[in-house]
Amino acid sequence: DKAGVKGFSFTGSIAAEFDTMVGSVGRMMLGVPRASVAPSVNWVLARPKGLVAWGPDGKDFDWYHAYFGNLACFQVGGPTWATWNIRLSGELAKAQSKLPGDAQGSWPATGTLAQKGDATATAFGSLCLQMYYRYLRLYKY
């Protein structure tokens, strides 16, 4: 864009939110400084589909974007993490099953995990909410 911030694309097409989050996590793990990675992550957050949204039925929910976006924003930290975390945790809480019985607290297999089953969606939801406990921060700020 005009600010010189670029997203990533693994298919050679225009930059996509998911590709940019995965690419940013990869760059972080390779030791790229926070100041070089944060602009790409913030570029995603500024885009219309940058923040995850469950929507009316979850059919368009991108679980992979939720997970890798969560990891990227957690590592960038500061206002980026605060914005992302509030949005994602709210969306996940809203979508969590409130039905009595075995399904209570699980997430339905929708969106990118529609063919994978509720157990996979619940694993992704749990991993997103456990980001604080699963990873150490790569950057000090």
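Can you tell me the relative contact order of the chain? Whole percent, Cα pairs under 8 Å, sequence separation 6 or more.
Numbers: 177 pairs, mean separation 29.7, N = 141.
Dividing the mean separation by the residue count of the chain yields 21 percent.
Using a Gaussian network model of the chain in which every pair of alpha carbons under 10 angstrom is joined by a spring, one finds that among GLY23, GLY101, GLY31 the greatest mean-square fluctuation is at GLY101. The angle separating the long axis of helix 118-129 from the principal Cα axis of greatest extent in the chain is about 50 degrees.
Measuring max minus min along each principal axis, the C-alpha atoms of segment 36-79 give extents of 36, 18, 15 Å (largest first).
3J(HN,Hα) couplings calculated from phi for segment 95-110 with the Karplus curve 6.51 cos²θ - 1.76 cosθ + 1.60 (θ = phi - 60°) are, in sequence order, 8, 5, 5, 10, 5, x, x, 5, 7, 4, x, 8, 10, x, 6, 10 Hz; Gly and Pro show x.
Count the lysine pairs in the chain whose Cα atoms lie under 20 Å apart, taking only pairs 8 or more positions apart in sequence or on different chains.
Numbers: LYS2/LYS49; LYS6/LYS49; LYS49/LYS59; LYS49/LYS94; LYS59/LYS94; LYS59/LYS98; LYS59/LYS116.
Final tally of qualifying lysine pairs is 7.
Comparing ALA72, ALA121, ALA46 in a Gaussian network model of the chain where C-alpha atoms under 10 Å apart are linked, the largest mean-square fluctuation is found at ALA46. For segment 92-122 and segment 13-70, compute the distance between their C-alpha centroids and round to whole Å. Computed from Cα coordinates, the inter-centre distance equals 22 Å.
The structure shown yields Rg and Dmax of the Cα atoms in Å, and of the options (1) 20.9, 70; (2) 15.3, 52; (3) 15.2, 43 that calculated value carries the label (2). Computed over neighbours whose Cβ is under 12 Å from that of LEU138, the net charge equals +4, Lys and Arg +1, Asp and Glu -1. Every helix of 4 or more DSSP H residues in the chain counts as -39500 (n - 2.57), and over all residues that averages to -16000 deg cm²/dmol at 222 nm. Averaged over its residues, the chain has an accessible area of 55 Å² per residue, based on protein heavy atoms and a 1.4 Å probe. Excluding GLY77 itself, what net charge comes from residues whose Cβ is under 10 Å from its Cβ, given Lys and Arg +1 and Asp and Glu -1? That works out to +3. Here the accessible area of the chain is 59 percent carbon and sulfur, with a 1.4 angstrom probe and all protein chains present. For the residues GLN115, GLN96, GLN75, a GNM of the chain with alpha-carbon springs under 10 Å puts the largest fluctuation on GLN115.
The values are calculated or read from the model by the stated rules, or taken from the named source; none is laboratory data. What you see is a predicted model, and the numbers here were worked out from it, not measured in a lab. Every residue, glycine as well, gets a Cβ built from its backbone with ideal geometry; the counts of neighbours run over all protein chains shown. For the accessible areas, the whole protein counts, side chains as well, though only heavy atoms, and no ligand, DNA or RNA atoms are used. Shrake-Rupley method; radii C 1.70, N 1.55, O 1.52, S 1.80 Å.
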